[in-house]
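Participant: Mind having a look at this structure? Questions to follow.
Every read-out reported here was derived from the displayed coordinates using simple, explicitly stated rules and does not represent laboratory data. Values in this document were obtained by computation on a predicted structure and should not be read as measured data. In this analysis, Cβ positions are derived from the backbone assuming ideal geometry, glycine residues included, and neighbour counts consider all displayed protein chains.
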Amino acid sequence: MKKHNFYAGPSIMPDFTKEKVAEATMNFAGTGLSVMEVSHRSKEFVAVMDEAIALVKELLKVPEGYSVLFLQGGASLQFLMAPYNLMNTKAAYTNTGAWAKAAIKEAKFFGEVVEVASSADANYNYIPKGYEIPDDVDYFHFTSNNTIFGTEVRIDPDVKVPVVCDMSSDIFSRPVDVSKYALIYAGAQKNLGPSGATLVIVRNDVLGKVTRPIPTMLDYRTHIKGESMFNTPATVPVFGCLQTLLWLKEQGGVEGIEKVNIAKAQLLYSELDRNKMFKPSVPNPEDRSRMNVTFVMTEGYELFEKEFDVFAESKGMVGLKGHRSVGGFRASIYNALPLESVQALVDVMKEFEALKA
Ligand SMILES: *Cc1c(COP(=O)(O)O)cnc(C)c1O
C-alpha cells in the first residue's frame, strides 16, 4: 500500500534525494567509494559543500555580506549559539510555542530576555500582533513556523534591531527577504535533508560585537573562516541537503514550491472547515501554518479520535498523531509531500464522516 508520510521531522524527502543518496552510498561521484567513506577534504566532497552553499544563496537570493554555513547540533544548539555570539545584555523574544520557549530558556544564560509577546494564554493557537520591540535590545528573535502548534508568520519583520529567526520548519517553503535578517537558522530534517545538518545564514557585520570570549566551536566566525569545514561536517546529511536543493530548483525554486504549498494548505484547511467531525486548532486563517496543519475532533465527536487514527493508518497515513502538548492530529505537509497525499487525507476524512457522522 502507498504510504502517505505526514511526520513532523524527520519527515518526507523527495524521491530524487533518496535515490541520489542511495546511489552515492555505494559509489559517490565516480570514486568507487561510498559518500560516507571519503574525506571531507577530498575534491569531490568539497564540491558538494560548495554547491550546496551556492544553491542556498541562489534559491533564497542571499545578498552580499552574508555567510551560509552547514553546522551540526540542530536548531537546539542555535538556541544558545545565537545569544552567545549576538547578545551583550538584552534581547527581545516572542513566545509562540515550545521551540520559542526553548530558545528563550537558553538565551537567559547570556543576559536579559524581554518577552515582547506571547500566545501561551491560548495554548499557542495564534500569532500575537501589534507588539513593540524596545530599541535597546541586541536583537529580536522569533520562530517563523511553530511546528507543534501549527501557526506561522509569513511577514519579514521591519524593525530597527537585528532580527534572528528560527526557520527550521518552513525554510525554502516560500520566498523570504534575507536582507531583513541578521541570522537565520534551521535544522535540516524538515524541508531540507536528513537530520544531522543545520543551516545557518548570518550577516557578517553582526559578529564580533559581544565582549564575552566565545569557545571556538561555538563562534560563527570559526565556521565562516573554515568554510563549514573547521571540523568534520555531517557529510552524508549535507550531501542529502544538496540533492533536495537541486530538486527544489527543478520545482521552480521557492517561488514555484510556494504555489504548490498554498494549494496543498488550501485543500486541507477547506476540508477541515467543511467537515463536521474535524476543525483546525488555529482559528484565525491568516495564522495557520502551510507546513504543519493541526486539527482536532469537533465537539461531540471527541470519542472518535482513536478510531480515526486507526482508520487513517489502515489507509496508509503515517505520522498524523498530534504532539502530546496539543493532542488531536497534525498533518505535516512539507515541500516534498505531493498534493496527492493531501488529497488522499481529505478523501479519508470525507469517508470517515460518511461512515460516522
Ligand atoms: C524541529 C524544530 C526544532 C528542533 O530542531 P533540532 O534540530 O531537533 O534541534 C527547533 N525549532 C523548530 C521550529 C523546529 O521545528
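Participant: Can you give me the C-alpha center-to-center distance between region 1-73 and region 220-272, rounded to a whole angstrom?
Facilitator: Region 1-73 and region 220-272 have Cα centres spaced 10 Å from each other.
Participant: With label points built 7 Å along Cα→Cβ from the Cα atoms of K2 and F109, find their separation and express it in nm.
Facilitator: Taking the simple label geometry, K2 and F109 are separated by 4.6 nm.
Participant: Using 0.36 nm per residue of separation minus the Cα-Cα distance, give me the extension gain between L267 and L33 in nm, one decimal.
Facilitator: Difference between extended and current length: 79.8 nm.
Participant: Karplus couplings for region 125-138 from phi (6.51 cos²θ - 1.76 cosθ + 1.60, θ = phi - 60°), rounded to Hz, Gly and Pro as x?
Facilitator: These are the phi-based 3J(HN,Hα) values: 8, 8, 9, x, 9, x, 8, 10, 10, x, 6, 9, 8, 6 Hz.
Participant: Let's test this: bin the Cα-Cα distances of region 153-236 at 10 Å from zero up to the farthest pair and state each bin's percent.
Facilitator: 15, 43, 35, 7
Participant: A further question on this structure: Rounded to the nearest 500, what is the chain's calculated 222 nm mean residue ellipticity when only DSSP H runs of at least 4 contribute -39500 (n - 2.57) each, over all residues?
Facilitator: Per the formula, -11000 deg cm²/dmol.
Participant: Using the Cβ atoms and a cut-off under 14 Å, what net charge is assigned to the surroundings of Q243, where Lys and Arg are +1 and Asp and Glu are -1?
Facilitator: -2
Participant: Here is a follow-up. Suppose R0 equals 25 Å; then what is the FRET efficiency for E299 and K350 from their Cβ-Cβ distance, rounded to the nearest 0.05?
Facilitator: 0.80
Participant: Counting only DSSP beta bridges with both residues in the chain, what percent are antiparallel, rounded to the nearest 5?
Facilitator: 55
Participant: If we sort 30-41, 192-203 on the protection proxy, mean other Cβ atoms within 10 Å, highest first, what's the order?
Facilitator: So the peptides 30-41, 192-203, ranked by packing, come out 192-203, 30-41.
Participant: What does a probe at K306 reach in region 1-39, counting residues whose amide N is under 12 Å from the point 7 Å along Cα→Cβ?
Facilitator: Those under the cut-off are none; the list is empty.
Participant: Based on DSSP H assignment, which helices of the chain show an axial Cα extent of at least 20 Å together with a mean Kyte-Doolittle hydropathy greater than or equal to -0.5?
Facilitator: 43-59, 235-250, 253-274, 339-356
Participant: Got the relative contact order for the chain handy, in percent, Cα pairs under 8 Å and 6 or more residues apart?
Facilitator: Computed value for the chain: 24 percent relative contact order.
Participant: Just grab the label-to-label distance for K259 and Y131, each label 7 Å out from Cα along the Cβ direction, in nm (one decimal).
Facilitator: Spacing of the two 7 Å Cα→Cβ label points: 3.6 nm.
Participant: Answer with one residue from V236, L55, Q189: the one whose Cα lies farthest towards the positive end of the charge dipole of the chain, charges on Cβ with Lys, Arg +1 and Asp, Glu -1.
Facilitator: V236
Participant: Restricting attention to the alpha-carbon atoms of the chain, what are Rg (one decimal) and Dmax (integer), both in Å?
Facilitator: Rg then Dmax for the chain, in Å: 20.8, 65.
Participant: On a full-extension model of 0.36 nm per residue, what is the gain between S42 and E340, subtracting their alpha-carbon distance, rounded to one decimal in nm?
Facilitator: Separation in residues times 0.36 nm, less the Cα-Cα distance, equals 103.2 nm.
Participant: Among K321/K350; K3/K306; K101/K279; K18/K101, which pairs are too far apart, with a Cα-Cα distance over 23 Å?
Facilitator: Where the Cα-Cα span goes over 23 Å, the pairs concerned are K101/K279; K18/K101.
Participant: Over 24 Å apart: what share of the alpha carbon pairs of region 253-356 falls there, rounded to a whole percent?
Facilitator: Summing the P(r) tail past 24 Å for region 253-356 gives 17 percent.
Participant: Mind pulling up the Rg/Rh value for region 1-129? Radius of gyration and Kirkwood radius, both on Cα.
Facilitator: Answer for region 1-129: 1.08.
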